[in-house]
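J.: The structure's right below; bear with me while I get my questions together.
Throughout, read-outs are computed from the coordinates displayed, never taken from laboratory work. Given the structure is predicted, the values throughout are model-derived calculations rather than measurements. Using ideal geometry, Cβ is built from the backbone for each residue, glycine included, and neighbour counts are taken over all protein chains shown.
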Amino acid sequence: MKVLGIETSCDETGVAIYDTESTKIVSEQLYSQASKHAEYGGVVPELASRDHLKKLIPLIRLTVREAGLNLKEIDAVAYTSGPGLRGPLLIGASTAKSIALALNKPSVGIHHMEAHLLINLLENPAPSFPFLTLLISGGHCLLINAKSLGDYEILGQTLDDAVGEAFDKVAKILDLGYPGGPKIEELAKRGDPTAFQFPRPMTNKNNFDFSFSGLKTAVYYEFQNLKQINDSQKADLAASFQAAVSDTLLIKTREAMKQTGLKELVIGGGVASNKCIRNALITGLEGNKIYFPPINRCTDNGAMIAFAGSFYIKNAERTLGLDIKPRWPLSDLNNG
Ligand SMILES: Nc1ncnc2c1ncn2[C@@H]1O[C@H](COP(=O)(O)OP(=O)(O)OP(=O)(O)O)[C@@H](O)[C@H]1O
Ligand SMILES: [Mg+2]
């Protein structure tokens, strides 16, 4: 069975085809709008919608052609139905449903964060349920006990900024541009992670919740104090901030592994591409099995939607009703 996956929840248009027989992604395309939003310092929803509208159909054509297929050979269409930006979600959903109806094939809406989690199951070796999951992205910071497909217990989450959001805001303070995560990581390579003593938020609390807004403000105050900041101080700020995030994620995740007794950890979301954070978790959690997606499958992509779609074919339908859910807690999934 060949599942076409369509991702349009934010500022990436992702399309891919997953083949359940070869258990491989046979073709994938990704177009990032990041440069279009950069001058505004963040995603402008209306611009994102218009760009998805322009790029989605040509990308679907290209993906199908590069797989050596004809559109009629697609067996099902999966699309991101939430959470995400309303306009971009509507464009993905309506395109997916139109294609499915025209081909007389089923379509299925996918939870974006579940797709970030499930993409790890495509790797070899793959984790097996139950496992702990740390989802760190532009809109989320979640620690999850993934008990089985569709059954996710949220152990903790951010009370304010998501991790990626904190990276983006600190990058804005340091005038590095958008998206901030990769820019901070690059600059931090030249900095001293011990130069500034930033807090490790909520690590003394006996729960698995996070808070990154105060950490971002601490960077802002140090930045203000420095007045005429030079490049080396900027790099020190970036490295010290990144170290504080890495430590915080490690401390919370280590405690969650201890308390749940889970020995496998799955990491997903755009921030999972950060090498400093990867290394901190690998080193600090030695003795446990840790799974990261390949770098190109950490941030939003169509492959994760096509692959997640393959698990939910049984829920696929042939209706035109648009069931997008811009707000959709992962814990609401409850086995579909
Ligand atoms: N190397 C990196 N280091 C740190 N952060 C990074 C890195 N690469 C990307 N990011 C951050 O990851 C985020 C984008 O990730 P992703 O595409 O998963 O988020 P999203 O889809 O916008 O949010 P969500 O998945 O929560 O809906 C941005 O905030 C970006 O700054
Ligand atoms: Mg995402």
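J.: Please identify every one of the GluC sites (Glu not before Pro) in the range 5-62 that sits in a loop by DSSP and has no more than 13 other beta carbons within 10 Å of its own beta carbon.
T.: Details: sites: Glu7, Glu12, Glu21, Glu28, Glu39, Glu46; in loops: Glu21, Glu39.
Passing sites in the range 5-62 are Glu21, Glu39.
J.: Tabulate in residue order the Karplus-calculated ³J(HN,Hα) for the range 186-197, using 6.51 cos²θ - 1.76 cosθ + 1.60 with θ = phi - 60°, rounded to whole Hz; enter x for Gly and Pro.
T.: Per-residue couplings from phi come out as 5, 5, 4, 4, 9, x, 9, x, 9, 5, 10, 8 Hz.
J.: Indicate the gyration tensor shape class of the range 129-292 (rounded, prolate or oblate), computed on the Cα atoms with a ≥ b ≥ c the square roots of the eigenvalues: a/c under 1.5 is rounded; otherwise a/b larger than b/c is prolate and the rest oblate.
T.: prolate
J.: Please arrange Glu222, Glu66 by how many other C-beta atoms lie within 10 Å of their C-beta, fewest to most. If you can, show how the numbers build up before the last one.
T.: Numbers: Glu222 20, Glu66 13.
Arranged by neighbour count, lowest to highest, Glu222, Glu66 become Glu66, Glu222.
J.: Tell me which residues come under 5 Å, amide H to amide H, from Gly156 once H is placed; ignore anything under 5 positions away on its chain.
T.: Placed amide hydrogens put Leu143 under 5 Å from Gly156.
J.: Given bins 5 angstrom wide, list per bin the percent of all Cα-Cα distances in the range 1-120, short to long.
T.: Once binned at 5 Å, the Cα pair distances of the range 1-120 give 2, 12, 22, 25, 20, 12, 5, 2, 0.
J.: Compute the signed sum of charges (Lys and Arg +1, Asp and Glu -1) over the other residues within less than 10 Å, Cβ to Cβ, of Phe241.
T.: Combined, the nearby Lys, Arg, Asp and Glu give -1.
J.: Mind checking which aspartates and glutamates have their Cα closer than 18 Å to the Cα of Lys55? Skip sequence neighbours fewer than 8 apart in that chain.
T.: Glu7, Asp11, Glu12, Glu28, Glu46, Glu66, Asp300
J.: Based on alpha-carbon centroids, what's the gap between the range 67-85 and the range 266-336 in Å, whole number please?
T.: Between the Cα centres of the range 67-85 and the range 266-336 lies a distance of 17 Å.
J.: Once you order the gyration tensor axes a ≥ b ≥ c over the Cα atoms, which shape class does the range 223-304 get: rounded for a/c under 1.5, otherwise prolate or oblate by comparing a/b with b/c?
T.: Numbers: a/c = 3.06, a/b = 1.61, b/c = 1.90.
Oblate.
J.: Please report the net charge: other residues with Cβ closer than 10 Å to the Cβ of Thr158, K and R +1, D and E -1. Please list the in-between numbers first.
T.: Numbers: positive: none; negative: Asp160, Asp161, Glu165, Asp209.
Neighbourhood net charge equals -4.
J.: Taking amide H atoms as placed 1.01 Å from N in the peptide plane, list the residues 5 or more away in sequence, or in a different chain, whose amide H sits under 5 Å from that of His140.
T.: Hits under the 5 Å cutoff: Val163, Gly164.
J.: With charges set only on the Cβ (+1 for Lys and Arg, -1 for Asp and Glu), what does the dipole of the range 129-292 come to about its Cα centre, in debye to the nearest 20?
T.: Its charge dipole is roughly 220 debye.
J.: Once the other residues with Cβ under 11 Å from the Cβ of Pro125 are scored (Lys, Arg +1; Asp, Glu -1), what is the net sum? Show your work: numbers first, answer last.
T.: On the way: positive: Lys289; negative: Glu123, Glu264.
Result for the neighbourhood of Pro125: -1.
J.: Next up: Hey, could you get me the Stokes-Einstein D for the chain, Kirkwood radius over alpha-carbon pairs, 10 °C and 1.306 mPa s, rounded to whole µm² s⁻¹?
T.: On the way: Rh = 20.4 Å.
D, rounded to a whole number, is 78 µm²/s.
J.: Taking neighbour Cβ counts within 10 Å as the exposure measure, how do Val271, Val108, Val15, Val219 sort from fewest upward? Provide the component values of the computation, followed by the final result.
T.: Values: Val271 28, Val108 25, Val15 31, Val219 22.
Sorted ascending by nearby Cβ count, the order is Val219, Val108, Val271, Val15.
J.: Take every Cα pair under 8 Å in the range 4-127 that's 6+ residues apart, average their separations, divide by the length, and report that relative contact order as a whole percent. Let's see the in-between values first.
T.: Numbers: 198 pairs, mean separation 34.2, N = 124.
Averaging sequence separation for qualifying contacts and normalising by length gives 28 percent for the range 4-127.
J.: Could you give each residue of the range 157-166 its phi-based ³J(HN,Hα) in whole Hz, using Karplus coefficients 6.51, -1.76, 1.60 with θ = phi - 60°, and x for Gly or Pro?
T.: 7, 6, 8, 9, 6, 6, 4, x, 4, 5
J.: Please arrange Thr20, Thr158, Thr283, Thr217 by how many other C-beta atoms lie within 10 Å of their C-beta, fewest to most. The partial results should precede the final answer.
T.: Numbers: Thr20 16, Thr158 22, Thr283 10, Thr217 13.
Sorted ascending by nearby Cβ count, the order is Thr283, Thr217, Thr20, Thr158.
J.: When DSSP assigns beta bridges and you keep just the ones with both residues in the range 129-292, what percent turn out antiparallel, to the nearest 5?
T.: Working: 12 of 20 bridges.
Percent antiparallel among DSSP bridges in the range 129-292 is about 60.
J.: Given the -39500 (n - 2.57) contribution per DSSP H run of 4+ residues, what per-residue ellipticity at 222 nm results for the chain, rounded to the nearest 500 deg cm²/dmol?
T.: Working: 10 runs with 135 residues, N = 336.
So the helix-based figure for the chain works out to -13000 deg cm²/dmol.
J.: Filter Lys97/Lys325; Lys172/Lys227; Lys24/Lys147; Lys72/Lys105 down to the pairs with a C-alpha to C-alpha distance above 20 Å, please. Spell out each step's value before the answer.
T.: Details: Lys97/Lys325 15 Å; Lys172/Lys227 16 Å; Lys24/Lys147 25 Å; Lys72/Lys105 9 Å.
Lys24/Lys147, as the Cα separations exceed 20 Å there.
J.: Please list, in order along the range 204-219, the HN-Hα scalar couplings obtained from phi with the Karplus expression 6.51 cos²θ - 1.76 cosθ + 1.60 (θ = phi - 60°), rounded to whole Hz, x for Gly and Pro.
T.: 9, 8, 8, 8, 10, 7, 10, 8, 10, 5, x, 5, 4, 5, 4, 5
J.: Amide H neighbours of Ile290 under 5 Å, counting only residues 5+ apart in sequence or on other chains, H built in-plane at 1.01 Å?
T.: Residues meeting the criterion, in which the H sits 1.01 Å from N, are Leu265.
J.: Report, for the chain, the % of DSSP beta bridges that are antiparallel, rounded to 5. Write out the running numbers ahead of the final one.
T.: Values: 27 of 44 bridges.
Expressed as a percentage, antiparallel bridges in the chain total about 60.
J.: Along the charge dipole of the chain, pointing to its positive end and built from +1/-1 on Cβ of Lys, Arg, Asp and Glu, which listed residue (Gly164, Thr248, Gly82) has its Cα farthest out?
T.: Selected residue: Gly82.
J.: Exposed loop trypsin sites (Lys or Arg not before Pro) only (DSSP loop, at most 15 other Cβ atoms within 10 Å): please give the longest stretch of the chain free of them, not including the sites. Before the final figure, lay out the partial values.
T.: Details: sites that count: Lys189, Arg190, Lys205, Lys227, Lys263, Arg318, Arg327.
Result, exposed sites excluded: 1-188.
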